[in-house]
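The values are calculated or read from the model by the stated rules, or taken from the named source; none is laboratory data. All values reported here derive from a predicted model rather than from experimental measurement. Here the Cβ is made from the backbone with ideal geometry for all residues, glycine too, and neighbour counts use every protein chain on show.
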Amino acid sequence: MTFLQNKFERIDQYLNDHPKVKFILPQALLLVFLFSIIGYFSFNASSNLAARGIDTGFSFLKNKASFDIQFSMIEFDSSMSYARAYLVGLLNTILVSAIGILFATLLGFFFGILRLSSNPLASGLATVYIETLRNISLLLQIFFWYFTVLRLLPSAENSIVLFDFVYANIKGIYIPKFVWTNLNYFLYGLIFTFICIYIFNKYANNLREKTGKQLPKFTISLGLLFFIPFLIINIFGVGLEFSYPKLDIQMGIANYIGGISIIPELIALAFALSLYTSTFIAENVRAGILGIDKGQKEAAASIGLTNNQILRLIVIPQALRIIIPPTTNQYLNLTKNSSLAAAIAYPDIVLVFAGTALMQTGRAIEIVTITMLTYLTLSISISIFMNWYNKKVALTER
Amino acid sequence: MKNLIKTICGISVFALILTSCGDGGKKASTVDATKKQGFVKCGVSQGLPGFSNADESGKWTGIDVDVCRAVAAAVLGDANKVKYTPLSAKERFTALQAGEIDVLSRNTTWTLERDAAIGLTFVGVNFYDGQGFMVRKATGIKSVNDFKNGVKVCTNTGTTTELNMADFFKSKGVKYEPVVFEKADEVVQAYDSGRCDTYTTDKSGLAAQRTKLSKPDDHVVLPETISKEPLGPVVRQGDAKWEDVVRWSLNVWIEAEEYGVNSSNVDSMKSSKNPAIQRIVGAEGTKNGEALGLDQEWSYRIIKQIGNYGESYKKNIADTGILPDRGPNNLWTKGGILYVPPVR
């Protein structure tokens, strides 16, 4: 025992002499420990799976998927690989999340500001909207839009026609497709336009800082935005035509062909996600605006800023600081909630990859791991972007 | 610093314990485990009339349910000692692999991939099926060859159906849109509401689900069968004893019909002169139960409590109007393809 005691004391002595080692050692040991636990579990799982005759490994990803997917943004058919099916699912998840985030933000800002309105009708309306939608389970809302509202649409033969080119029926909503000629020139032109606007704004800011002269930045930017593309369209012959959806009845089955079809599953999911999340964002917006001291507005007014300028330069930048962190959480929630898609046959990553592909291959551990890592990556990407934006608008202390 | 060293020692001891408990000793046979827990853990569908369906009081009936009941009668002596776990197509194999259930009897198609790659063993076939299509009569579609580009097809996810239809439409060069749901009820609802032009699954399933539509008579199942779907019970790979018990419970159930042994005459059949019948009912001097590690009455109980395959078929599938015609599911002696190895 004394021998052990001596050893310990010598180690102790050594560590005290080498503060760097003393600092790093516990952390390194913890890391080793964590890795050995993870290693142990994966070893245990793989040996048990092998003992039960279950194939393991990620090589299945390059096998032929041999199933089809209803809706994909990239080309896909049953002869392509599981990896490709994964990509289709991932893109569909990103699509519905992006649509959801866009509309949730717009609706959230609208209802958040409306709830602060001095008009009791407007603020009452916003209160009812927020309190109803945020207190009903999201899955129920998805079911409501999908099984109740969209199922009320007529059959394809009796579609609802809007503006003569949008057709809505139970199989989806059909809109015209853009058919471009010389689209490249137009896109290059657009990029050029944005560069011009950026340079102009820099110049205008410099001018203001140096001479105090204010240029009408917004008006000139808007002018550039229309003028340059207009020139390009005329010089390079950029053309735009529409391919309209047409009703096609074959063997008693009516379907629209041509145009773009938006499947009802996407509509229902995007609707439910946007409305549900918008209520939380609305509350964030309200909190942000209420969080700004009245004195700020008064001070701004006293130095002669107009109402518009007060809102744009004083209130909103400060409110954003309060709004953004909790809204980031809502964006993350929305993205993760999009996995409820599987309940209504929207082919997102959970339905396609953690559903069909998992079933057909039986590789539960691998597929669930990939799916979890995918959501983790998506969430972290959103967080990083929002933190960057938050830093940009945060109060810079000097 | 003493603390640090103590922590490290603690962690290493913990790690040692973790690694030493490895994958434990050999698992006890499922037969023994089943006897110990007093019930058979059976995985069934979430509701498919004729195969596995629960009534209002929670009582499960169907030809798949009868397989589990037969195993319970053989092993535990009472066909009612079954715990049913309703599973979606997606969940079923994981539930079996993980030991949540011990027999999967859920209209599951026997395929090479499932048998060989995911650690499962199919023990036999209790229903020969094939994939078909259901359409609205009003469309005038008479054959699967009438499907044209853009057809919208509703079905379940996680099934061989998804793969069969991909192959089928590909071979016909028809572009189709699959709308796949997790639950069969959602598929039925989607098809019924007009979201899809056709509903595809196993033909027995189509016949059963048709009864759930709002106007069953407006729909028709097309005559063609696009795939082979031998449906049967599944067990985990590597437990030969349990596998044998399930396989022979299934076989004796079918063979009883072949020799005309049923629930009402099984007692009198015990004194039959025919040695084959004597073996089926487990009369004096036969040794089948011993070979399986069960008692001599195991097969007698199956027939007494559940009846033979023909009785189950009649009660669950024919009399309910799902598929009155037995077709391939008749005995080989009567023009079908039901042919099981002899119980001897």
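Tabulated values for the structure
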item: Test: residue in the range A:380-397 that is within 15 Å of the chain's Cα centre (by Cα) and outside any helix (DSSP H, G or I); result: no
item: Helices (runs of 4 or more DSSP H) wholly inside the range B:193-276 containing at least 2 residues that are free of Cβ contacts under 8 Å to residues at least 24 places away in the same chain; result: B:266-269
item: Residue, farthest from B:GLY310 (Cα to Cα), within the range B:255-278, restricted to residues that are touching a helix residue (DSSP H, G or I) at 6+ places or on another chain (Cβ under 8 Å) and of a type in the set (D, E, K, R); result: B:LYS270
item: Elements of type helices (runs of 4 or more DSSP H) in the range B:59-163, at least 2 residues being under 12 Å from the mean Cα position of the chain (by Cα); result: B:63-76, B:92-97
item: Any pair with Cβ under 8 angstrom, 6 or more apart, that starts in the range A:133-160 at a residue that is modelled with pLDDT of 90 or more and ends at one that is of a type in the set (A, V, I, L, M) and not in a helix (DSSP H, G or I); result: none
item: Every residue from the range A:328-349 that is within 13 Å of chain B (Cβ to nearest Cβ) and within 16 Å of the chain's Cα centre (by Cα); result: A:SER339, A:LEU340, A:ALA341, A:ASP348
item: Within the range B:67-77, considering residues that are surrounded by 23 or more Cβ atoms within 10 Å (Cβ to Cβ) and touching a strand residue (DSSP E or B) at 6+ places or on another chain (Cβ under 9 Å), the one nearest to B:GLN305 (Cα to Cα); result: B:ARG69
item: Test for A:PHE33: is it among the aromatic types (Phe, Trp, Tyr), surrounded by 13 or more Cβ atoms within 10 Å (Cβ to Cβ) and over 19 Å from A:VAL368 (Cα atoms); result: yes
item: Selection status of B:TYR339, among the aromatic types (Phe, Trp, Tyr), under 30 Å from B:SER29 (Cα atoms), out of contact with any Asp or Glu (no Cβ under 8 Å at 6 or more places or on another chain) and surrounded by fewer than 17 Cβ atoms within 10 Å (Cβ to Cβ); result: yes
item: Out of B:LYS203, B:LYS183, sole residue that is within 14 Å of another protein chain (Cβ to nearest Cβ) and either on the phi > 0 side of the Ramachandran plot or at pLDDT below 90 (or both); result: B:LYS183
item: Some residue of the range B:232-250 being hydroxyl-bearing (Ser, Thr, Tyr), more than 26 Å from B:GLU182 (Cα to Cα) and more than 14 Å from every other protein chain (Cβ to nearest Cβ); result: yes
item: First in the range A:53-67 and farther than 14 Å from A:GLY362 by Cβ and more than 9 Å from every other protein chain (Cβ to nearest Cβ), second anywhere and assigned to a loop (DSSP other than H, G, I, E, B) and not polar (S, T, N, Q), Cβ under 9 Å, 6 or more apart; result: A:LYS64/A:MET80
item: Restricting the range B:113-137 to residues that are away from chain A (no Cβ under 14 Å) and more than 27 Å from B:LYS215 (Cβ to Cβ), the residue that is surrounded by the most Cβ atoms within 10 Å (Cβ to Cβ); result: B:ASN126
item: Any hit, the range A:68-83, residues being in a helix (DSSP H, G or I), crowded, with 20+ Cβ neighbours inside 10 Å and among the small types (Gly, Ala, Ser); result: no
item: Residue in the range A:291-312 that is out of contact with any strand residue (DSSP E or B) (no Cβ under 9 Å at 6 or more places or on another chain) and closer than 30 Å to A:ILE175 by Cβ present; result: no
item: Total residues in the range B:317-332, condition farther than 10 Å from B:ALA208 by Cβ and assigned to a helix (DSSP H, G or I); result: 5
item: So B:GLY310, is it in a helix (DSSP H, G or I), touching a residue at least 24 places away in the same chain (Cβ under 8 Å) and not polar (S, T, N, Q); result: yes
item: Top-ranked residue in the range B:138-177 [being among the hydrophobic types (A, V, I, L, M, F, W, C) and more than 7 Å from chain A (Cβ to nearest Cβ); ranked as farthest from A:ALA85 (Cα to Cα)]; result: B:VAL144
item: B:PHE51 vs. criteria within 14 Å of chain A (Cβ to nearest Cβ) and among the aromatic types (Phe, Trp, Tyr); result: no
item: Those residues of the range A:342-359 which are of a type outside the set (A, V, I, L, M) and in contact with a Phe, Trp or Tyr (Cβ under 7 Å, 6 or more places away or on another chain), in sequence order; result: A:PRO347, A:PHE353, A:THR356
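Results for (1) in contact with a Cys (Cβ under 9 Å, 6 or more places away or on another chain); (2) under 17 Å from B:ILE317 (Cβ atoms), shown as yes or no for each residue.
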position: B:GLY50; (1), (2): no, yes
position: B:SER57; (1), (2): no, no
position: B:TRP60; (1), (2): yes, yes
position: B:CYS68; (1), (2): yes, yes
position: B:VAL71; (1), (2): yes, no
position: B:VAL82; (1), (2): yes, no
position: B:LEU87; (1), (2): no, no
position: B:ARG92; (1), (2): no, no
position: B:GLN97; (1), (2): no, no
